[in-house]
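Here is the structure we will look at, set down as structure tokens.
The values are calculated or read from the model by the stated rules, or taken from the named source; none is laboratory data. Here the structure is a predicted model, which is why all the values come from computation and not from measurement. Glycine also receives a Cβ, built like all others from the backbone with ideal geometry; neighbour counts cover every protein chain displayed. We work out accessible area using only protein heavy atoms, side chains counted, and drop any ligands, DNA or RNA first. Shrake-Rupley method; radii C 1.70, N 1.55, O 1.52, S 1.80 Å.
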Amino acid sequence: MKANQSEQGEKVPRRVSFDNIGAFQALVGELSKNIKHIERTLNVEIAVRGNSLTIFGESPEGEIAERLLKQLYPLVRDGYPVQPADIDQGVRVLTSSPDARLRDLLRDQVFTSPGKRPVTPKSLTQKEYVQAIRAHDIVFGIGPAGTGKTYLAMAMAVASIFRKELRRIILTRPAVEAGERLGFLPGDLYEKVNPYLRPLYDALHDMIDFEKAQRMIERGDIEVAPLAFMRGRTLNDSFVILDEAQNTTSEQMKMFLTRLGYSSKAVITGDVTQIDLPNGTRSGLVEAREILQGIEGIAFVTFTDQDVVRHPLVQDIIKAYEKRTDTGTGRGRR
């Protein structure tokens with residue numbers, strides 16, 4: 001891992017010292033896992049000696065590594081458990097916004113549950129999204145898969161229930177593939193629509209123990225249902241999340257938005273590049289984005305591939321597909 005300056009060519013050495021040896025060791029990580037991850041991510045080399053680091057890397061990568069380590073250190077000193085995912089997001093944030101403060105992101109705990117890793121925003125857009133949900137009654141989160149739109153909305157909803165700010169959580173999404181074929185699937189109605197709602201359950205169980213989540217569902221504190229079940233209802237004292245909203249029709253979107261009752265919040269998430277509606281059917285999410293802009297109390301937050309928080313390869317996959325679509329060789333956007 002150590003690098004000889006004479007072998008680095010134009011690489012400029014940057015030396016950073018730390019005053020707390022315990023925090024420094026936590027920053028380095030067991031078997032230097034954090035340092036090795038930074039080296040791989042930024043194509044730099046880092047030499048560890050005593051309570052200091054020497055970074056060998058070209059600009060801007062070497063500068064980003066230095067800023068990253070300097071910003072992560074006080075977090076670790078305060079007890080924050082830095083993970084490779086934090087490093088990945090720190091690199092992305094500091095690459096796009098050199099003056100960003102990682103503390104403002106990583107210490108903004110949206111939800112914390114015993115035995116679970118705290119849920120925090122991992123990008124500046126995620127931070128904007130969380131703030132929008134706090135400040136507005138209706139928020140649209142629009143962008144590609146893996147950007148945390150539904151996950152963060154779920155965390156905000158669960159936190160509001162635990163703080164007793166709202167009475168229940170309602171999670172819904174359209175089952176566009178069902179249509180007339182729903183009747184041919186085996187089982188009762190719940191068994192037929194359950195596969196379409198599975199991603200919502202997955203996010204929920206990632207934040208709350210399975211048994212506790214099941215008890216909340218049984219008591220009616222959490223309701224997971226297909227969008228069709230929302231018709232005719234008035235949703236008071238509720239945190240309502242509509243997922244996969246790009247697959248709603250104009251009529252379905254209007255129906256959903258007009259269900260909102262007193263003391264309720266609604267978060268609508270979707271990816272307008274992944275519309276599965278039949279050809280010629282207009283997406284309710286696309287239409288809502290066009291006609292609801294500027295209404296007080298409604299916020300729109302747009303995510304990009306830079307906000308992807310899944311495996312680092314997901315960002316490259318999204319870019320590759322967008323490039324193919326933009327060149328006209330793939331399926332056009334609707």
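Pairwise inverse Cα distances across segment 88-157, averaged and inverted, put the Kirkwood hydrodynamic radius at 12.7 Å. In plain terms, the chain from Val48 to Gln131 could stretch by 26.0 nm, reckoned as 0.36 nm per residue minus the Cα-Cα distance.
The longest part of the chain holding none of the exposed loop GluC sites (Glu not before Pro), meaning those outside H, G, I, E and B in DSSP with at most 13 other Cβ atoms within 10 Å, is 11-164. Which log10 I(q)/I(0) values does segment 242-305 give at q = 0.17, 0.19, 0.27 Å⁻¹ under the Debye formula, counting every alpha carbon as one identical point scatterer? The Cα Debye sum returns log10 ratios of -0.60, -0.74, -1.37. Taking all protein chains into account, the per residue accessible area for the chain stands at 51 Å² (1.4 Å probe). Near Leu277, no amide H atom lies under 5 Å from its own; only residues 5 or more places off or on other chains count, and H is placed 1.01 Å from N.
Shown for the chain: the carbon plus sulfur share of the solvent-accessible area, taken with all protein chains present and a 1.4 angstrom probe, equals 49%.
Take every Cα pair under 8 Å whose residues are at least 6 apart in sequence, average their separation, divide by the length of the chain, and the relative contact order is 17 percent. Working note: Karplus 6.51/-1.76/1.60 with θ = phi - 60° gives segment 298-306 the couplings 10, 10, 10, 10, 10, 9, 10, 4, 5 Hz, where Gly and Pro are set to x.
The slack between Asp19 and Asp326, meaning 0.36 nm per residue of separation minus the straight C-alpha distance, is 105.5 nm.
A simple count of charges around Leu235, restricted to other residues whose Cβ falls under 9 Å of its Cβ and scoring Lys, Arg +1 and Asp, Glu -1, yields +2. Residue-wise HN-Hα couplings along segment 32-40, as the Karplus relation 6.51 cos²θ - 1.76 cosθ + 1.60 with θ = phi - 60° gives them from phi, are 6, 5, 5, 5, 5, 5, 5, 4, 5 Hz; Gly and Pro carry x.
Stretching Arg101 away from Phe210 to a fully extended chain increases their span by 35.8 nm, per 0.36 nm per residue minus the current alpha-carbon distance. With contributions of -39500 (n - 2.57) from each DSSP H run of at least four residues, the per-residue ellipticity at 222 nm computed over the chain stands at -13000 deg cm²/dmol. Less than 5 angstrom separates the built amide H of Val240 from those of Ile170, Lys265, Ala266, Val267, all sequence-distant by 5 or more or on a different chain. The GNM of the chain, with springs linking C-alpha atoms under 10 angstrom apart, assigns the highest mean-square fluctuation among Arg107, Arg40, Arg282 to Arg40. When the chain is treated as a Gaussian network with alpha carbon springs shorter than 10 Å, the biggest mean-square fluctuation among Thr249, Thr150, Thr41 belongs to Thr41. Computing FRET efficiency as 1/(1 + (r/R0)^6) for Glu290 and Val12, where r is the C-beta to C-beta distance and R0 is 41 Å, gives about 0.25.
The relative contact order of segment 12-163, computed from alpha carbon pairs under 8 Å that lie at least 6 residues apart in sequence, is 17 percent.
Amide H contacts of Val224 (H built 1.01 Å from N, in plane; Pro and chain starts excluded): Leu171 sit under 5 Å, all sequence-distant by 5 or more or on other chains.
Summarising the strand pairing of the chain, around 35 percent of its internal DSSP beta bridges are antiparallel.
Relative to the longest principal axis of the Cα atoms of the chain, the long axis of helix 210-219 lies at roughly 30 degrees. Label-to-label distance, Gln83 versus Ile217, with points set 7 angstrom from Cα along the beta-carbon direction: 2.3 nm. Each other residue within a Cβ distance under 9 Å of Thr172 adds +1 if Lys or Arg and -1 if Asp or Glu, for a net charge of -1.
Using a cut-off of 13 Å between beta-carbons, work out the net charge of the residues near Pro74 (Lys and Arg +1, Asp and Glu -1, Pro74 not included). Around Pro74, the surrounding residues sum to +3. With N the number of residues in the chain, Rg(Cα) / (2.2 N^0.38 Å) evaluates to 1.14.
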